[in-house]
Structure formats: structure tokens, C-alpha cells
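These notes are about the structure you will find just below.
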Amino acid sequence: MWRTELLKRFGHYLWHRRDAAMLATAFVLVLAAAFKPTVPIPRNIYSYVFVVDISQSMNVKGMYWHGKEVSRLDYTKSMLHDIIGRLPCGSRVSISLFAGVSVAALYTPIEVCANYSAIQDTIDHMEWRMAWSGNSRLRDSTESLSRLLRAMPEASQVVFFTDGEEAPKLHAFNTRDLSTFQGGGWLMVGIGSMDPHPIPKMDESNKVIGYWSAENFTMQPGIAQISQQNFGNRDDNVAPSENDRYASRLDEEYLMQLSKEIHATYVRGDSLQAVRSAMSELKPSRRDFSPMQIDWILATLAGIAIIGAYTPQRLVHLFKRLRAARAERRQRAAGSADVRS
């Protein structure tokens, strides 16, 4: 009996002191939110390997990010910043680079929230001078990427950003047969404009010294691409005239064909929403419990409690004043009627 009576008294006290009780509740909620608590919820966990083409054709401009003309590489970096900023905690990310005939991972997939600054810093510092080869053998790189995925500690999905530029151009003697390719489930993102633009040739200081000529992208069948005479040497020859410049554009037809051969999905990268939508269709690595932050929920409840501590009393006072004013008007109206009669 005494416990029931105690609870009744406590409830009566809180009812008449509800403003203080709600303020105390708000204080507790804010204090809890300051510790950034999380609750585990089951959901799909994604592990992405973002592969970025850093060959020199990615220095071509013609892409626009928020109305500003940028290079294909800078556009890719901006898109990656946005994509990673929207990934939920628990997602894992690897940044990899493509150049020559191979793909190199800068690190294996790491958790995005715990390593957010490091991942964004990696993207900021990506540039064409990190390339270990001046060629761009996209078709041959699929085997290198497939081997890299098999070495990953967990199943990961590839999102490959490239303009589809093969350098030197493909012909019957240098086109790899992918009919026996094992893999798939990747996402190929086409980066670049459909309008032709020249490829700038830059020096070691990242300054434009001219533009690539058309003959830089041709190779006669049977001629070795790398020999002892040209291995490791830099070719600073540029197009002698504007008409000799090689015009580069997004090779969407080739990327669609390549995607079909390796059982991948292709999407044009001129729409961030289209890329994010295509990523959501990729197969998750696993289903597991992932932490969800609830500090914003606690902060919202604290705000509601603070408003509730004062609003009801003010509404009661307002209703009382309105009722009194209405009664006073009725009395005046009745007094006026008596005088007239």
C-alpha cells in the first residue's frame, strides 16, 4: 500500500511540477546525446572498391560540377566525395587506381565513418602523376582487377570510373579475349563529355606543355609497345598544330560493350543520382548488425521537452485571458441592453 501511495504522490508532484520535470528530462536527453550513443540494427553491409582511371585522358575538361567546368578526374573526385559522404556507417571503402594495364589498391576496404577523413584526404590527393604507366589498357586491366578482388579480405563490389579511352587504340593483335572472364557484378561509370576535346600533355610540374597528337594513340600491328629503347623514357612530343591534336570523348559504346563482356553494369556518370541508384542495385557483401547513431533523436526529444515545459502553461493562460475577455464583452453587451430598455 505504501508503495502505491508513494507513486501516487510522486505522480501528483510531477503533474503539478511538470515544467520542472520536463526540463530535467530535457537535460538528461541532451547529456545522453553528447556521448553520441548508437544502437545496433540489422541491414545490408556494402564493401566498395572504387577504381579511378588516372591516365592522362582524364585531364580532359568538358565536365561540369555545380556549373563549373572541370576535368574528368576532378569531376570524379567531386562525385566520390559526395558518394562517400552519403554512405551509412558500417560501409567499407577501398580507393584504387588504374593506369597502364593494372589496378592498384591504396588500401583494403576500411570502415567509412571511422576513417572518413583519411578516405576523403586520399581522394583529394589523387592525380595523374601517380600513374606508373602512360598507357591506358582498360580491357587488359580487368584481369588485374579480378586478381585484386580475390586477394581482398571480404567480398567487395567494384565501381570503376573511366572515360573508356584505350591507348594505344585496340586492333586485332592487341585485343584481349574476355570470353572466359570470370567475375562480374561490377559497375562501370562512364566519365566524360560526348563532345571531343584535346588531351593536354603536362610536365612534371603539372603545367600544360601542349596537347597529345593523334599518332600517340596509334600502334601498328606487331610493333612492340615497350622496348629497351623507350622503356622508362618520357615522350614530350606534342601535336604540332591544332589539326593534329587527338580528340578524346567518352567512349560510351565501347564501355557498354566491355561491360557486357565482363557481366558488369554500365551507367553514364553525368548524373550523381543515376550513379547512386546503380550502386544501390549492387549485391551487398553481407547482412550484419550495423551501429546507427541516435544522438539526433535524443536531441529532438530534448527540444520537444523544452517546448512542452512552457507551451502548455502559456496556452492555459492564453485561453483564460480569451475566456475572460469574452465574458467581459458579454457583460457589457447585457448592460447596454438594460440601459436601452
At R0 = 25 Å the Cβ-Cβ FRET efficiency linking ALA20 and GLN293, nearest 0.05, sits at 0.25
Treating cross-link reach as a plain straight distance, find the lysines whose alpha-carbon is under 30 Å from the alpha-carbon of LYS283, omitting any fewer than eight places away in the same chain. LYS77, LYS260
Taking ASP124, ASP74 and counting other C-beta atoms within 10 Å, the order from fewest to most: ASP124, ASP74
Exposure proxy check on SER47, SER117, SER102, SER57: fewest-to-most Cβ neighbours within 10 Å is SER117, SER102, SER47, SER57
Dipole magnitude of the range 132-189, debye to nearest 20 (Cβ charges: Lys/Arg +1, Asp/Glu -1, about Cα centre): 120 debye
Contour excess over end-to-end distance, with Cα ends at LEU178 and PHE27 and 0.36 nm allotted per residue: 48.0 nm
Placing each pseudo-label 7 Å from Cα in the direction of the beta carbon, ARG326 and SER144 end up separated by a distance in nanometres of 8.1 nm
Using 7 Å Cα-to-Cβ label points, what is the GLN257/ILE110 separation (nm, one decimal)? 4.0 nm
Among HIS81, TRP132, VAL93, the residue whose Cα sits farthest towards the positive end of the charge dipole of the range 18-157 (+1 at Cβ of Lys and Arg, -1 at Cβ of Asp and Glu, taken about the Cα centre) is VAL93
Plugging the Cβ-Cβ distance of VAL238 and ARG43 into 1/(1 + (r/R0)^6) at R0 = 45 Å yields, to the nearest 0.05, a FRET efficiency of 0.30
For the peptides 137-149, 260-272, 34-46, what is the packing order when you average, over each peptide's residues, the other Cβ atoms within 10 Å and list the highest mean first? 137-149, 260-272, 34-46
For a paramagnetic label modelled at 7 Å from the Cα of LEU272 toward its Cβ, which residues of the range 52-84 fall within the zone defined by backbone nitrogen distances under 11 Å? 65-67, 78-84
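Every read-out reported here was derived from the displayed coordinates using simple, explicitly stated rules and does not represent laboratory data. These figures come from a predicted structure and were not determined experimentally. Reconstructed Cβ throughout: ideal geometry from the backbone, glycine too, with neighbour counts over all protein chains shown.
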